[in-house]
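Note sheet for the following structure.
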Amino acid sequence: MPVFRDDSSAEITAALGALPSGSAVSVVATRLLDLFTSGSIAPGTRLPPERQLAASLEVGRSAVREALAALEILGIVDVRPGSGTYLRGTVSELLPQSLSWGVLIGERSTAELLELRSGLEIYVARLAADRLTEAQLASLARQIDRMRGSVGDLKAFVKADLAFHHELATSADNSVLLDLLQIVRSLLRIWVDRAVQDEQHARTALDEHEAVYRALAARDADAAASAMAVHMATASARLAAAQSTTADEAGAAGATGAAGATGA
């Protein structure tokens, strides 16, 4: 198959073809991944816009958007606001990354990732209770304040939430543990950003973070681990629910798109 030119949107979409009615985000992403790692598209090529990909695959634009977001997390594509989506790297660089794709898309694998994240976060809290400095404790307090002040602004709340966990992991003073958490969080990022869906979720999460902070301030490792375990249980449930909602929405959008394409 010849390498497509940068302006060959028609050839790229033609190579994709229609997917079965009701295809989930994972199916859409897998089809895109197969094409992107086939060697037929040169690195740096600008990909067709979402609407064109959705029309070719006969799925909803939301499914394409979620699939591209996941591929961006894995480093397969580069989404540039106002410019477009571009293929990154060569085939040899993409193939090892594509092996991680099964970790990201499967429901069972997601549940296992959540278990791993919970275990790591609980261990981080235990270590941090003994190791964090007063300056780090003060920084965690500032993130709690940011969360408290943004319960009505979910986007800002999530940023403060993530900052709290990152700073806590840093204060555990274990670089390997920090790297592992970063990998797991990256794989879960597509759902983490939408796990807090309303103000009540935010208030619950705030209460849980405050309990972790109080235990850290008291330098009580057991209490810090227990408080983080409570938080991880509810956070994991929210993440799992967010994934399920995303899959349902993508399936419905795919069915609608296929019906429109066939004139039903």
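Couple of notes before you dig in:
- If the condition is being farther than 20 Å from Ser109 by Cα and small (Gly, Ala, Ser), then the stretch 23-62 contributes Ser38, Gly39, Ser40, Ala42, Gly44, Ala54, Ala55, Ser56, Gly60, Ser62.
- Members of the stretch 167-181 that are of a type outside the set (Ser, Thr, Tyr) and either in contact (Cβ under 8 Å) with a residue 12 or more places away in the chain or not assigned by the TED database to the domain that holds Glu199 (or both): Glu167, Leu168, Ala169, Ala172, Asp173, Asn174, Leu177, Leu180, Leu181
- Among the conditions (1) modelled with pLDDT of 80 or more; (2) touching a helix residue (DSSP H, G or I) at 6+ places or on another chain (Cβ under 8 Å); (3) assigned to a loop (DSSP other than H, G, I, E, B); (4) open to solvent by 30 Å² or more (accessible area, probe 1.4 Å), the only one that Ala69 does not satisfy is (3).
- Every condition in (1) farther than 17 Å from Gly84 by Cα; (2) among the hydrophobic types (A, V, I, L, M, F, W, C); (3) in contact with an Asp or Glu (Cβ under 9 Å, 6 or more places away or on another chain) is met by Val59 except one, and the failing one is (3).
- Of everything listed in (1) modelled with pLDDT of 95 or more; (2) among the charged types (D, E, K, R); (3) open to solvent by 60 Å² or more (accessible area, probe 1.4 Å), the single unmet condition for Asp179 is (1).
- Residues in the stretch 120-131 include at least one that is without any contact (Cβ under 8 Å) to a residue 60 or more places away in the chain, open to solvent by 50 Å² or more (accessible area, probe 1.4 Å) and more than 17 Å from the chain's Cα centre (by Cα).
- Filtered residues of the stretch 48-72 (kept if among the hydrophobic types (A, V, I, L, M, F, W, C) and more than 14 Å from Gly89 (Cα to Cα)): Leu53, Ala54, Ala55, Leu57, Val59, Ala63, Val64, Ala67, Leu68, Ala69, Ala70
The values are calculated or read from the model by the stated rules, or taken from the named source; none is laboratory data. Predicted model only: the values in this text are computed from it and were never measured. Every residue, glycine among them, receives a Cβ derived from its backbone with ideal geometry; neighbour counts consider all protein chains shown. Each accessible area value is taken on the protein alone, full model and side chains, heavy atoms only, with ligands, DNA and RNA left out. Shrake-Rupley method; radii C 1.70, N 1.55, O 1.52, S 1.80 Å.
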